[in-house]
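Have a look at the structure below, then the notes.
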């Protein structure tokens, strides 16, 4: 069974509401690239990756599409579907970086393999450890009233980890966190809810140390990426000066990053994401490194559509992760998403049933960018 066709599509997903954080600025649309890999059996596997991730991976939708069309796609044609190990090794030698495009290939291959074998991707990866994935919920930048309303809505929906975006405006951040804490207390959930902040590289180590003293007084128990991604010493400095757990996200892109963070004691938790890892295979290696060092890890995602989220859900279901962030897709209304819906209940997202990723894609809602066929070789 060989790969016979590669199709690359584009679809922009409007966000309702848009989001802003310290690294990204304001994002109104997810600029998604969809990949379909078809075998000579006629079975297809799909994937979706975020194109506008300049602030994390350097990718743009045009770059992702070009790499898939002109480099990775031609290299895939005629390759055996079931030999992901060889395909990934060949693609690793072929191109450096371009993590979103690389991830798109590996996800689509897993979806195709699952469909051919009539099992889920979680089963391809060794089997489910859980059937639903509990997620945090994020309070975006906004007014204190909006933070209060969001916190109440999330708690009513069953979420028990609340993360507040913070950045340069100390006074506004404090008030938004204070409002979130007040809502948690008003629900009588003080001991059940984990209150977090995410600075998205927005502080210096000194700023982080000063602000976390105030935030800890409000019951903040962890801080995500307080300093710039490359400032490993600053990350460690913050960890030494705060009682809150320090989570490394943007600092954690590779297996070497995971090992360095763990060995240097630079963070308490590492936040691993498929779009940073570059492939499911690389993500599994990063998980293995974290487990070998005994450092807890969180599996998360960028704000993405439901097809990309389904890939994370399948991986998370087969993992030993301690925390999860499967939340960003909820900013995309179901009617605006070309992938079939996901089920959210009591703060957790159900792992899709069915073969492969377990979701379907409405091709008619996608714009075809390129189509490559083995017949044309």
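The numbers here are math on the coordinates, done by the rules we state, and not lab data. Everything quoted here is computed from the prediction, not taken from an experiment. Methodologically, a virtual Cβ is constructed for each residue, glycine included, from the backbone with ideal geometry; neighbour enumeration extends over all protein chains shown.
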Exercise. Taking the alpha-carbon centroid of each part, what is the distance from segment 321-377 to segment 182-210 in angstrom?
Worked result: 31 Å
Exercise. If you line up the long axis of helix 306-317 against the longest principal axis of the chain, both from Cα atoms, how many degrees apart are they, to the nearest 10?
Worked result: 80 degrees
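Tell me, what is the FRET efficiency for residue 336 and residue 370 to the nearest 0.05, using R0 = 22 angstrom and their Cβ-Cβ distance as r? It would help to have the intermediate numbers written out before the result.
Values: r = 24 Å, r/R0 = 1.08.
Using R0 = 22 Å, I get an efficiency of 0.40.
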Problem set entry | Sites residue 129 and residue 292 - FRET efficiency at Förster radius 22 Å, r taken between beta-carbons, to 0.05 | 0.75
Exercise. Relative to the longest principal Cα axis of the chain, at what angle does helix 232-241 sit, 0 to 90 degrees, rounded to 10?
Worked result: 40 degrees
Exercise. Helix 205-216 versus the longest principal axis of the chain: what angle, 0 to 90°, nearest 10, using Cα atoms?
Worked result: 70 degrees
Exercise. With the radius of gyration and the Kirkwood radius both derived from the Cα set of segment 166-247, what is their ratio Rg to Rh?
Worked result: 0.98
Exercise. Pick the calculated mean projected area of the Cα convex hull in nm² for this structure from (i) 16.9; (ii) 23.5; (iii) 21.0?
Worked result: (i)
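Got the relative contact order for the chain handy, in percent, Cα pairs under 8 Å and 6 or more residues apart? Walk me through the numbers on the way to the answer.
On the way: 844 pairs, mean separation 84.9, N = 377.
Contact order relative to length: 23 percent.
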For this session: Figure the gain on full extension for residue 119 and residue 189 (residue separation times 0.36 nm, minus the Cα-Cα span) and round it to one decimal in nm.
Result: 21.3 nm
Seminar exercise, completed: Zone reached by a paramagnetic label modelled 7 Å from residue 243 Cα along Cα→Cβ, restricted to segment 184-201 with backbone N below 15 Å, covers 191, 195
Seminar exercise, completed: Under the 7 Å Cα-to-Cβ spin-label approximation, residue 12 and residue 216 lie apart by a distance in nanometres of 4.5 nm
Exercise. Going highest first, how would you order 169-175, 322-328, 239-245 by mean Cβ packing within 10 Å?
Worked result: 322-328, 239-245, 169-175
For this session: For an R0 of 35 angstrom, estimate the FRET efficiency from the Cβ-Cβ distance between residue 263 and residue 169 and round to the nearest 0.05.
Result: 0.50
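Rounded to the nearest 500 deg cm²/dmol, what is the calculated helix-only ellipticity per residue at 222 nm for the chain, with -39500 (n - 2.57) per DSSP H run of length n ≥ 4?
After summing the helix terms and dividing by residue count, I get -11000 deg cm²/dmol.
Which of rounded, prolate, oblate describes segment 132-350, given a ≥ b ≥ c as roots of the alpha-carbon gyration tensor eigenvalues and a/c under 1.5 marking rounded, otherwise prolate only if a/b is larger than b/c?
Details: a/c = 1.72, a/b = 1.02, b/c = 1.70.
Since a/c reaches 1.5 but b/c is at least a/b, the shape of segment 132-350 is classed as oblate.
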Seminar exercise, completed: So, relative contact order of segment 1-132 in percent, Cα under 8 Å, 6 or more apart, is 26 percent
Exercise. So how much slack lies between residue 1 and residue 71, counting 0.36 nm per residue of separation and subtracting their Cα-Cα distance, in nm?
Worked result: 23.0 nm
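Grab the Cα-Cα distance for residue 94 and residue 322, subtract it from 0.36 nm times how many residues apart they are, and report the gain in nm with one decimal.
Computed gain between residue 94 and residue 322 is 78.7 nm.
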